[in-house]
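Every number in this text was worked out from the coordinates using simple rules, so none of it is lab data. This structure is a prediction, so every number in the text was calculated from the model and none was measured. Please note: Cβ atoms are built from the backbone with ideal geometry, for glycine as well, and neighbour counts cover all protein chains shown.
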Amino acid sequence: MAEPLTLTPGEKVMRRVVAGPNGCIVWTGAKNSGGYGVLTASGRNQYTHRAAYTEFVGPIPVGLVLDHLCRNRACCNPNHLQPVTSAENTRRGELAQRTHCPQGHPYDAKSQRRKSNKRDCLICHAARERRRRAERTTCSHGHELTPENTIVRRDGVRWCRTCRTTHAPRPRPVQNGAS
């Protein structure tokens, strides 16, 4: 019997997979920079895990994404895929499992902050800020930070003498009023 001219995305996926560890069905074709399998079907690019899930389980519910329970991004096994919200997928992800920053400082309530839904180590952030301030050659008003024009606080923060005298708070005049 002749082979059909057009294959469904799921059929295309099954032609380029091998058995992997832990029951994974691993895509052997092209992958994107994140390690997810990609294929072209019906004239458009698709992720292989989404094509396999749609073919063998059904449509992905609106507003949900597929989470790889096995943490293998090239896996196309529908049993390893679970529809979840994007927020839940992020919480479950590899980055969320990290307990220390790349420099080895622990992520805990006191030493981390959230910025744009990303964790930032406060110890590393403070060190970056100290380096950035030390490299500055002018203040925010454009005055040069020369030794003669710089006040250095005990904590190492540098202030511009010109701005300090120009923009220093002035005492308020005493109002003479009837008591």
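Observations on the model:
- Residues with amide H under 5 Å from that of residue 67, placed H, sequence gap 5 or more: 82, 84
- Reachable aspartates and glutamates, given that their alpha-carbon falls under 20 Å from the alpha-carbon of residue 12 and they are not under 8 places away in the same chain: 3, 55
- Relative contact order %, region 9-97, counting alpha carbon pairs below 8 Å whose residues are six or more apart: 27
- Cysteines without a disulfide-compatible neighbour (Cβ-Cβ under 4.7 Å), the chain: 70, 76
- Under 30 Å of direct C-alpha separation, and excluding same-chain neighbours fewer than eight residues apart, residue 118 reaches these lysines: 31, 110.
- Of all the options 26, 62, 17, the one that moves most in a Gaussian network model of the chain with Cα springs shorter than 10 angstrom is 62.
- Residue with peak Gaussian network fluctuation, the chain [Cα springs, cutoff 10 Å], from 89, 22, 79: 22
- Comparing 64, 145, 122 in a Gaussian network model of the chain where C-alpha atoms under 10 Å apart are linked, the largest mean-square fluctuation is found at 145.
- Long-range Cα-Cα pairs in the chain (distance over 25 Å), rounded percent: 61
- Between helix 122-135 and the chain: long-axis angle, C-alpha atoms, 0 to 90°, nearest 10: 50
- Applying the criteria of a DSSP loop state and at most 14 other Cβ atoms within 10 Å to the trypsin sites (Lys or Arg not before Pro) of region 17-88 yields 71.
- Cα-centred dipole magnitude for the chain, charges only on beta-carbon of K, R (+1) and D, E (-1), debye, nearest 20: 1060
- Helical mean residue ellipticity (222 nm; -39500 (n - 2.57) per DSSP H run of 4+; nearest 500) of the chain: -6500 deg cm²/dmol
- Around the amide H of residue 107, modelled in the peptide plane, lie the amide H atoms of 100, 101, all under 5 Å away and 5 or more residues distant in sequence or on another chain.
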